[in-house]
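J.: Quick one: structure below, then a few questions.
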Amino acid sequence: MENTHHFGNGFAVHRTLVPYIKEFNPVSERISTLTINTSPISIGIINGHAPTEVKDDNVKDSFYDELTETYEGITGNMIRIVIGDFNAKFGREPQYFPCIGKESLHCNSNDNGQRLMAFAKSNELTFSSTTFPLINIHKATWRSPDGETLKQIDHILIQTRYRSTIHDVRNHRGADCDTDYYLVIAKLRSKLKSQSRLKQDKRAKFNLELLRDETVRKNYENEVRKKLKENNVQIEVDVDLDWEKVSNAVKKAAATSIGKLKRSRNTWYNDLCRIAVDKRRKAREDFIKNNTQTTKETFIRERKICKSDLQREKIKFFNNILHTEENDHTQGRTRNFFRVIKQYKQFNPIWNVIRDQDGQMLIEPESRAERWKGYFEKLLNGKMPAQPDVTLDEVKSAIIGLKNWKAPGTDNIPAELIKYGGEELHVENIQTVPANMDGRTGTG
């Protein structure tokens, strides 16, 4: 692990809200945008990190030019919210009251505050972070390293016409994020659009690696033969009923002979890390309540110890993973090797875009759905070719030729369970497919 810091900007989204995210755009290292699908209109959030007060004016001008361009680039009917660390202090000057209110922590505005104020007025924005009456300890968003100076430099702006959407903004000093900033939470009235999803059964993942063992494979074949007899599988007129019996027999035999795959949830964050974080949290709470030199030194000491423990445990954890995967690679366990590599590789953003008939990129969900509709209408509305006779040898050959480690279909049965199910599964039961092919196509 390198002890380096990288400047960046982004969003942390709870996994339950991921389906409602329409678009994420990393504009630059200081600005990013997020679009959320809400009702009756969507919400567009711009996250910014402004230069500090001592930075050169050209750097500040460049940031606000980029911020203005990003804000104006968000088109369509949506609620626009600007959040972030702007290093801006607002005073209680009467001329600013219509825009910032009367509840600012500071008495005088700094240069960054005046720049942000100009941006807000030119775009008809209102500051929600300085609107609500709070005690001073709930207004400050940053504590200086000396432990004495408190500033309100993180802000939330919203379009004036939607200012009533936000009904509370305050900091939460108890949130331990190991930073000198306090967590700022805004309560917003909105409604997420309902997501229509197909109901899917939970897929059981079997430990297919065990089928490489000849003994396990023989046990599985015997279990399949036994379950087929118990289910009394026979060639009937109803193909769906036949396949349901075969499917149940295969799944029960797999669960009995090879078992389900158990995913280990090993993580570097162990009990030692929890103890260290708990000590740091208690020292921080004591420092906030009793701001003395002793509590400050205790907090700094516990923070250093906690950081050292976390880094050591994380390095140890990943070294063990590297050692294990090196053994997997040398011993031919390729599947396990690439599965772990995929699990711990760096994040690669997924762009959910497709092209239309003219090659233009389609981003909006409605336009993508319309494009897929036209594609499948053209693909599936052609003439059906004549159905050839399917022989048993062809079915067996197709089963043997199935590739391993492919995603199962709607029946949730991996190809390996059919391939290694034994001669009886191939001959006595799969023959229902050619035997009933004509009956199915005739009634459809």
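The values are calculated or read from the model by the stated rules, or taken from the named source; none is laboratory data. Everything numeric in this text was worked out from a predicted model, so none of it was measured. For accessibility, only protein heavy atoms count, side chains too; no ligands or nucleic acids. Shrake-Rupley method; radii C 1.70, N 1.55, O 1.52, S 1.80 Å.
J.: Over the alpha-carbon set of region 17-89, divide Rg by the Kirkwood Rh and report the Rg/Rh ratio to two decimals. Provide the component values of the computation, followed by the final result.
T.: Numbers: Rg = 13.5 Å, Rh = 13.2 Å.
Looking at region 17-89, the ratio lands at 1.03.
J.: Only Cα pairs within less than 10 Å get springs; with that Gaussian network setup on the chain, which residue of 371, 15, 225 has the largest fluctuation?
T.: 15
J.: At 1.4 Å probe size, with no ligands or nucleic acids counted, give the accessible surface of residue 379 in Å², nearest ten.
T.: We get 100 Å² for residue 379.
J.: Where is the GNM fluctuation largest for the chain (alpha-carbon springs, 10 angstrom cutoff): 251, 396, 378?
T.: Most flexible of the set in this elastic network: 378.
J.: Rounded to two decimals, what ratio of Rg to Rh does the chain give with C-alpha atoms and a Kirkwood Rh? Walk me through the numbers before you get to the answer.
T.: On the way: Rg = 30.8 Å, Rh = 28.1 Å.
My calculation puts Rg/Rh at 1.10.
J.: Normalised by the number of residues in the chain, what is the relative contact order in percent for Cα pairs under 8 Å and 6+ residues apart? Write out the running numbers ahead of the final one.
T.: Details: 536 pairs, mean separation 45.3, N = 444.
Result for the chain is 10 percent.
J.: Then there is this: To one decimal place, what orientation-averaged projected area in nm² is obtained for the convex hull of the Cα set of region 102-176?
T.: Working: hull surface 23.3 nm².
It is 5.8 nm².
J.: Moving on to the next point. Quick check on region 1-128: what are the equivalent-ellipsoid semi-axes from the Cα gyration tensor, as sqrt(5λ), descending, whole Å? Before the final figure, lay out the partial values.
T.: On the way: eigenvalues 133, 87, 38 Å².
Equivalent ellipsoid semi-axes, largest first: 26, 21, 14 Å.
J.: D for region 268-426, whole µm²/s, Stokes-Einstein with Kirkwood Rh over alpha-carbon pairs at 4 °C and 1.567 mPa s: what number?
T.: Values: Rh = 23.2 Å.
In µm²/s, the coefficient is 56.
J.: So, taking all protein chains as they sit and a 1.4 Å probe, how much accessible area belongs to residue 337, in Å² rounded to tens?
T.: For residue 337, solvent-accessible area is about 40 Å².
J.: Hey, what's the Cα Rg ratio for region 271-344 versus the globular rule of thumb, 2.2 N^0.38 Å? Working shown, then result.
T.: Values: Rg = 19.1 Å, N = 74, 2.2 N^0.38 = 11.3 Å.
The reported ratio for this selection is 1.69.
J.: Leaving out ligands and nucleic acids, and using a 1.4 Å probe, what accessible area per residue does the chain come to in Å²? Could you put the intermediate results ahead of the total?
T.: On the way: 28670 Å² over 444 residues.
In whole numbers, the chain has 65 Å² accessible per residue.
J.: Tell me, what is the 1.4 Å probe accessible area of residue 397, in Å² to the nearest 10?
T.: 80 Å²
J.: Computed from the mean reciprocal separation of all distinct C-alpha pairs, what Kirkwood hydrodynamic radius does region 38-190 have, in Å? Working shown, then result.
T.: Numbers: mean 1/r = 0.0628 Å⁻¹.
This gives a value of 15.9 Å.
J.: Just to make sure I understand: if all protein chains stay in place, what is the order of 212, 161, 170 by accessible area at 1.4 Å, largest first?
T.: Order by accessible area, largest first: 161, 212, 170.
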